[in-house]
Amino acid sequence: MSLFVLFRRSFSVLQQAKEKILSNPIKIDIDMQNKLEHLSLISFQNEKTIKKVEQTIHSSNIIHQANVDHLQPLYTLVETELCPLRQTDTISIEKTLQIKQVLENASNTYEEYLVAPMIGKRESQTVEQVDKTKL
C-alpha cells in the first residue's frame, strides 16, 4: 500500500471524526475551570485563555473519536530493536536519593512535588506566558 493511500485514509478518518464533534462544541464552566486550574497549576485569567483551552480539548476529541481500526500501525527501529545499556551506564539503587530524602531537603513542596525557587520577581504564570516561550 502506498504512502499516499495511507495518508488519504488517515485524513478521511479525521475528517469524519471532526464532522461528528463539530455538532457538540466544548464549553468550560466555572467548576471545570477551577478543576483544570488546580490540576495544571496555571491560572486562566481571561476569556482568551479559556477559549484556547476549549480549542485544545476540541482538537483532542477529534483525535480521540477517530476510528483507526482499519489502519496499519507504523513501526520504527526504536520499537523493534533492543538497545541495551552498558554496565557503566546503569545506576545502582544505593547511590540514588530516595523521594523521601529529596522532599525532606526541599524548602518548598506542593502535594509531594518539589517546588523550584523563583529567580527574580515574576507574575503568576498563565497559559499565554507559557505559550509565548514555546518550550
Q) Residue by residue through the stretch 49-60, which ³J(HN,Hα) values in whole Hz follow from phi under the Karplus form 6.51 cos²θ - 1.76 cosθ + 1.60 (θ = phi - 60°), with glycine and proline marked x? A) 5, 5, 4, 5, 5, 4, 5, 5, 5, 4, 5, 5
Q) Distance in nm between label sites at Leu114 and Lys51, each 7 Å beyond Cα in the beta-carbon direction? A) 4.0
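Taken together, the values in this text are just the output of simple stated rules run on the coordinates, not laboratory data. Predicted model, so just to flag it, every value in this text is computed and none were measured. Please note: Cβ atoms are built from the backbone with ideal geometry, for glycine as well, and neighbour counts cover all protein chains shown.
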